[in-house]
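The values are calculated or read from the model by the stated rules, or taken from the named source; none is laboratory data. Bear in mind the structure is a predicted one, so any value in this text is a computation, not a measurement. Here Cβ is always computed from backbone atoms with ideal geometry, including for glycine, and neighbour counts include all displayed protein chains. Each accessible area value is taken on the protein alone, full model and side chains, heavy atoms only, with ligands, DNA and RNA left out. Shrake-Rupley method; radii C 1.70, N 1.55, O 1.52, S 1.80 Å.
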Amino acid sequence: MTGYAVATSESAAGTLTIEIKSVNSRFLDLQFRINDDLRALEPDLRSAIMGAITRGKVELRLSFGRKAATTGSQALNLPLLTELQRLQGEVGGLFPGVQTMSVAELLRWPGVIEEAQIGQESLQADVATLAGRTIQAFVQSRQREGAALEAMLISRIEAMEGIVKRITPLIPQVVAAFQQKAVERMQDALGLACQGSNSALSRQDALERIRQEVILYGIRIDVAEELGRLSAHLTETRHILKKGGQVGKRLDFMMQELNREANTLGAKASVKELADASMELKLLIEQMREQVQNLE
């Protein structure tokens, strides 16, 4: 499911900003864009997101803008200067007359000038608080999309229930018509047997034709069971949606079962109305399956 949220908080040290966005994915794929000095906070952020969602390609951006340095906010790193002085002495002993670093070069040396240290515990607490707010807003945005998807899925369920309701009364008519055709074929087969010169062999052939017709009849027109299972699966799918929670995997399974029954209905269809109904059902199921894969 798609979702988006961004939140910002101000502190004495600077500005924290967390942005979370996601696109559809069958699995949970997390990506982080975090300042290097905040990289240690990634495991906590990962745990917080995994505790809130289970599907989606999610990108989280965490940035920290330090406030401009003020008087007294910077200091010399004396241990580092002492170490540089020692190293310069050793180099001078090996290479007499070598030029030493100027004051400007020393001040540009990484780490020589230190900004006021930000308490790691305080910063971690600020990030945790801000992350909680952002994730909550992010989940709510996904819930709004989920509500829209639920309405769409319910409309497809209602359409399929309408198809089942429409074709169910046709089954007795289809059975009667097909039965009549089977009887006529049996009569034709018996007539051919009576006309043959070898009556015993012809009668055996006629009985075999009758057996084949009866088997074909039983296979092709028995769709009442499929329609019953379709109705049961649709009822269960509706129940899963209404119950809510993490429904994605359960709905994935229901789409497989619905598609199985629709395919069987099409394979057994003996009249155009049933074949058309099978195609309509499969189209609606495919529309649902595309969206179901994006649900939690």
Carbon and sulfur together cover what percent of the accessible area of region 75-114 at a 1.4 Å probe radius? 66
Using mean Cβ contacts within 10 Å as the protection proxy, how do 44-54, 77-87 order, highest first? 44-54, 77-87
Where labels lie 7 Å past Cα in the beta-carbon direction, separation of S231 and R26 in nm: 3.3
Please list, in chain and number order, the residues 5+ apart from V247 or on another chain whose amide H is under 5 Å from its amide H, with Hs placed from the backbone. E296
Name the long-range amide H neighbours of L28: under 5 Å, sequence gap of 5 or more, or other chain; modelled H, no Pro or chain starts. G56
Could you tell me the accessible area of F27 in Å² (1.4 Å probe, neighbours in place), rounded to the nearest ten? 140
Rg from C-alpha atoms of region 75-114, normalised by the globular rule of thumb 2.2 N^0.38 Å, equals 1.20
The pairs in K57/K242; K249/K272; K165/K243 lying past 32 Å Cα-Cα in this model are K249/K272
Per-residue HN-Hα couplings for region 27-33, Karplus 6.51 cos²θ - 1.76 cosθ + 1.60 at θ = phi - 60°, whole Hz, x for Gly and Pro? 10, 9, 10, 9, 10, 10, 10
Long-range amide H contacts for S11: which residues qualify at under 5 Å (H placed 1.01 Å from N, peptide plane, sequence gap of 5 or more or a different chain)? L16
In nm, spacing of pseudo-spin labels at S102 and K282 (7 Å Cα→C-beta vector): 8.1
So what are the ³J(HN,Hα) numbers for region 145-160, from phi and the Karplus equation (6.51, -1.76, 1.60; θ = phi - 60°), rounded to whole Hz, Gly and Pro as x? 5, x, 5, 5, 5, 4, 4, 5, 5, 4, 5, 5, 4, 4, 5, 5
For region 34-45, Karplus couplings with θ = phi - 60° (6.51, -1.76, 1.60), whole Hz, Gly/Pro x: 10, 4, 4, 6, 10, 4, 5, 8, 4, x, 5, 5
Of all the C-alpha pairs in region 221-296, what % are more than 21 Å from each other? 27
